[in-house]
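Just below is one structure, and these are the notes that go with it.
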Amino acid sequence: MNIIVTGGAGFIGANFVFHMLDKHPNDRIICVDKLTYAGNLSTLKDVLDKPNFRFVKLDICDREGVYKLFEEEHPDVVVNFAAESHVDRSIENPQIFLETNIIGTAVLMDACRKYGIERFHQVSTDEVYGDLPLDRPDLFFTETTPIHTSSPYSSSKASADLLVLAYHRTYGLPVTISRCSNNYGPYQFPEKLIPLMIANALDDKALPVYGEGLNVRDWLYVEDHCKAIDLILMNGKVGEVYNIGGHNEMKNIDIVKIICKALDKPESLITYVTDRKGHDLRYAIDPEKIHSELGWLPETMFEEGIQKTIAWYLDHKEWWEEIISGEYKNYYKAMYEDR
Ligand code: NAD
Ligand code: TYD
């Protein structure tokens, strides 16, 4: 099979490329990525020369470029990870989120309609369901929970999901959608909570916790997300949405404390800063559907996954130090200096 993976130079996309090359050596992976600030070709350095791998620098909004690629590669499957993915950036500047996350998804699906495809898989997020109250631990997101977004990021992802379902109903495009909870693991860009706290703690810098740090996220090790998408591609039902999550809810402050402990850094580094605008309180996925229909279960528990992740950041300092020494500095200053 020829599989186009968009956003494969980013965090989850790269982990998915590695997973697929390892588990399905007879498939050909064509990685499409615009290499925005969040895309890093060095992440893919070990696979760039593989005969069944091709990297193409391309914007998914570039209709002509996308059509040309489909003519060259005749993909059987497209897995769309490409997105602007950071909530804080979407609050500062929503426009690019609308372009990439909505228009880009439509361009890819138009190419799928024009050239034919076996499956278009949209990688979505639990954030499309909005948030749950902190005092109702009995409530979870299921696939039938209404879309109810909070941020420009989640709204753009929800818009894309609706378009994907519309292309299925209107044009019969064979689609699937997965909505996953927060991922962590190797190669996550250090603007997101876990890698940012690891990098700052290692540099003895302040650890900026938004509000009181009581917001809850449901954390999943990235490899478990990749395995779930692989299963959906193989056995998922066309037209269906699958929630992915590990029943691993944690308060932000507890995660930051775990990182301090693991790195032997004082909790006095923790600094409470102004809360994020519209900050979602709690995300929690009910993964019953993917468990009962496809037999998926998370394999890496948080205690193990967070230690593996911290060890990876310790072993790959050159990867993230290069990022935080570049243009990222300006972002960090603008986002955190007077917060
Ligand atoms: P990321 O920001 O690390 O990577 C995104 C990648 O997409 C980058 O390599 C970037 O260069 C590329 N990209 C951006 N705009 C592009 C464009 N116009 N054309 C081509 N490539 C473009 O993001 P991530 O955390 O790996 O997330 C990947 C996907 O998974 C996103 O769709 C996101 O919404 C979804 N998701 C993420 C999480 C999470 O916790 N990180 C959870 C659930 C779902
Ligand atoms: P993030 O990693 O940005 O993921 P998302 O907003 O998509 O869930 O943030 C995870 C949680 O951590 C979220 O509640 C915001 C909080 N947070 C901080 O407290 N400080 C930070 O510096 C960052 C980046 C996030």
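The values are calculated or read from the model by the stated rules, or taken from the named source; none is laboratory data. Every value quoted in this text rests on a predicted model; they were computed, and no experiment measured them. Cβ: placed from backbone, ideal geometry, glycine included. Neighbour counts: every protein chain shown. Side chains are part of the model used for accessible areas, which takes the heavy atoms of the whole protein and leaves out ligands, DNA and RNA. Shrake-Rupley method; radii C 1.70, N 1.55, O 1.52, S 1.80 Å.
For this structure, a couple of remarks:
- Phi-based couplings in Hz for the range 286-296 (Karplus 6.51, -1.76, 1.60; Gly and Pro marked x): 9, x, 4, 5, 5, 5, 6, 7, 10, x, 7
- Whole-Hz ³J(HN,Hα) from phi, Karplus 6.51 cos²θ - 1.76 cosθ + 1.60, for the range 92-108, glycine and proline x: 6, 8, x, 3, 5, 5, 5, 5, 5, 6, 9, 4, x, 5, 5, 4, 4
- Surface share of carbon and sulfur [accessible, 1.4 angstrom probe, percent] for the range 41-200: 51 percent
- Derived scalar couplings between HN and Hα for the range 268-277 equal 5, 6, 5, 10, 7, 10, 3, 5, 5, 5 Hz in order, rounded to whole Hz, by the Karplus curve 6.51 cos²θ - 1.76 cosθ + 1.60 (θ = phi - 60°), x for Gly and Pro.
- Bridgeable lysines around LYS114 (alpha carbons under 20 Å apart, same-chain partners fewer than 8 residues away excluded): LYS68.
- Over 22 Å (Cα to Cα) - which of LYS23/LYS192; LYS237/LYS289; LYS251/LYS333 fall in this group: LYS23/LYS192; LYS251/LYS333
- Separation of the ALA262 and GLU72 label points, Cα + 7 Å toward Cβ, nm: 3.9 nm
- Calculated mean residue ellipticity, 222 nm, the chain: -12000 deg cm²/dmol, from DSSP H runs (n ≥ 4) at -39500 (n - 2.57) each, averaged per residue and rounded to 500.
- Global geometry of the range 1-118, whether rounded, prolate or oblate, following the gyration tensor of its Cα atoms and the 1.5 cut on a/c: oblate
- Packing, as the average of other Cβ atoms within 10 Å across residues, places the peptides 223-229, 19-25 in the order 223-229, 19-25, highest first.
- FRET E, pair THR271, MET1, Förster distance 51 Å, beta-carbon r, rounded to 0.05: 0.55
- Sequence-distant residues sharing a close amide H with ASN182 (under 5 Å, placed H): ASP218, LEU220
- Exceeding the 25 Å Cα-Cα cut-off - candidates LYS157/LYS308; LYS205/LYS329; LYS157/LYS261: LYS157/LYS308; LYS157/LYS261
- Pairwise centroid distance, computed over Cα atoms, of the range 172-226 with the range 292-339, Å: 7 Å
- Added length on full extension, which subtracts the Cα-Cα distance from 0.36 nm per residue, LEU139 to ASP62: 23.6 nm
- DSSP beta bridge pairing in the chain, given as percent antiparallel to the nearest 5: 10 percent
- Electrostatic dipole magnitude of the chain [Cβ: Lys, Arg +1; Asp, Glu -1; Cα centre; debye, to 20]: 440 debye
- Using the average count of surrounding beta-carbon atoms within 10 Å as a protection proxy, the listed peptides 240-247, 26-33 rank, highest first, as 240-247, 26-33.
- Protection proxy ranking of 77-83, 212-218, 181-187 - average other beta-carbon atoms within 10 Å, highest first: 77-83, 181-187, 212-218
- Length-normalised contact order for the chain - Cα pairs under 8 Å, 6+ apart - percent: 17 percent
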